[in-house]
Amino acid sequence: MRTNTPAAAIEPDLQLARALFEQLRRDSDELHGVAHGITRDTYGAGEQRAHQLMAQTAHRLGLEVTTDAALNLYLTLPGRKREAPAVMTGSHLDSVPRGGNYDGAAGVVAGLAVLAGWIAAGAQPQCDVTVMGVRAEESAWFPVSYIGSKSAFGLLPAEALEILRLDTRRSLREHLAECGGRPAGIAAGEAHLAPARIACFLELHIEQGPVLVEAGEQVGVVTGICGSLRYRHARVLGDYAHSGATPRSHRRDAVAALAEVIARLQQDWAAMERAGQELTLTFGQVYTDAQQADISKVAGLASFGVDIRSRSTASLQEMERHLLAAVAAAEEKHGVRFELGERTGSQPAQMDAVLQDELQAAAQDMRLTHRRLPSGAGHDAALFANQGIPTAMLFVRNGNGSHNPDEAMELDDFAAGVRALAQVMAGRARLAPRH
Ligand SMILES: [Zn+2]
């Protein structure tokens, strides 16, 4: 027992981390056969294997292993005072189809590496320290934000259980039950986590943009997480007509109307940016009906999806007002009808100022290059923060973005991030030598 090592300086088990990443890669590549990339499908075989791997590892380390109705995984090192609010860390274990190995999983592996280091050094926290493997974070499978973390707090609406997975066309209820979960517990609003019982939540995650790589910095302390406002299944209804024989005055052209909306919103976006607002606007899906559209037809139908993101609720709402105004103008001018369909989205979240300072101090102590930056992508940490739990995120430098097979986190950068995370966790959990 290295009782003379200061608790905050106990080395995480990085060999364990390396082995877990390798096993995860083997497990999630194999499932995909010849296609390139990592697939850990939500409430499917890929996510299941990742959860099994983390649970087995935790059993081997002697941690307490529990799950909730949604099959979120909780791996706990008991503290001296079990009644004290717990320190939590973690992230999600699912991935987008043909994604990379680190988005999500890095945060769970980091937590296990920290606890394994503490156990090997014979240190014990004052309060419980729990690593959470969150379910269903990637909305590429079920088009709902934060299914796992919402369920953990009993906040997932019962209707969400009927939503279909986009590839299998089978419901969340069915997939969850098949994996051994309890849809009835979710429908009843069963809460496994209570905000008052959580001292803080820390999520380590790879950076999904190019900021740290371009700046030559190893880690980033996240200031806030963007929320989103989306119309995933919007349509413009016009009239199909002969492209040569229909004069302009007689057209109800769905594509022309949609193009005008898109162009006008680009201008509104630029104007909002000039006024100092930070947001993004993306029309990531725009298409005509492959069965009916033709080069020699005016398009009678155009379908699209629009995604607006910002750290500010006011900016999300302002862009939505611009969208509705542009739609009304295009309807009037082109004689078409827009059906925006269901609006979905998630709330922006601010990260805890004190925890940000603690992460930054840890990075400084370790002479890591770092900066503060916002997260454009959504994370489960946003859900924790919006429950009033002090929450922070640490980004690790990562090349080539995420949600693709070429994520390129260096294990040295990961190690640096895990050490900073461990220092903050040790301080919050008042880690001490076991006696
Ligand atoms: Zn992620």
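Readers should treat all values here as calculations from the given coordinates under stated rules, not as data from a laboratory. Just so you know, these numbers come straight off a predicted model, no measurement behind them. A quick note on method: Cβ atoms are made from the backbone with ideal geometry, for glycine too, and the neighbour counts reach across all protein chains shown.
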Here D for the chain, in µm²/s, from Stokes-Einstein with a Kirkwood Rh over Cα pairs at 4 °C and 1.567 mPa s, works out to 56
The rounded separation in angstrom of the Cα centers of segment 128-168 and segment 285-329 is 27
Output ordering of 181-190, 324-333, 220-229 (per-residue mean of other Cβ within 10 Å, highest first) is 220-229, 181-190, 324-333
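One-quarter of the Cα convex hull surface for segment 347-412, in nm²?
The number I arrive at for segment 347-412 is 5.3 nm².
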With Cα coordinates, the longest principal axis of the chain makes an angle with the long axis of helix 14-30, in degrees rounded to 10, of 40
Per the Cα gyration tensor, segment 288-343 corresponds to an equivalent ellipsoid with semi-axes, largest first in Å, of 28, 14, 8
Net charge near ARG428 (other residues with Cβ under 13 Å of its Cβ; Lys, Arg +1; Asp, Glu -1) is -3
Inverse of <1/r> over all distinct C-alpha pairs of segment 244-358, i.e. the Kirkwood Rh in Å, gives 16.3
Taking the chain and counting helices only, DSSP H stretches of n ≥ 4 at -39,500 (n - 2.57) each over all residues, the nearest-500 ellipticity at 222 nm comes to -11000 deg cm²/dmol
In whole Hz, the Karplus estimates of ³J(HN,Hα) for segment 333-340 (6.51, -1.76, 1.60; θ = phi - 60°; x where Gly or Pro) are 6, 9, x, 9, 10, 9, 10, 6
In order over segment 252-262: 3J(HN,Hα) from phi, Karplus 6.51/-1.76/1.60, θ = phi - 60°, whole Hz, x for each Gly or Pro, gives 10, 8, 5, 5, 4, 5, 5, 4, 5, 4, 5
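Based on the Kirkwood radius over alpha-carbon pairs, what value in µm²/s does the Stokes-Einstein equation return for the translational diffusion coefficient of segment 84-220 at 20 °C and 1.002 mPa s?
128
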Over all Cα pairs of segment 44-130, the Kirkwood radius sets Rh, and Rg/Rh then becomes 0.99
Given unit charges at Cβ for Lys, Arg (+) and Asp, Glu (-), the dipole magnitude of segment 228-346 about its Cα centre in debye, nearest 20, is 20
Percent relative contact order for the chain, counting Cα pairs under 8 Å at least six residues apart, stands at 22
Computed on Cα atoms only, the convex hull of segment 300-435 has an orientation-averaged projected area in nm² of 12.8
For segment 228-346 the mean separation of alpha carbon contacts under 8 Å (6+ apart) over residue count, i.e. relative contact order in percent, is 47
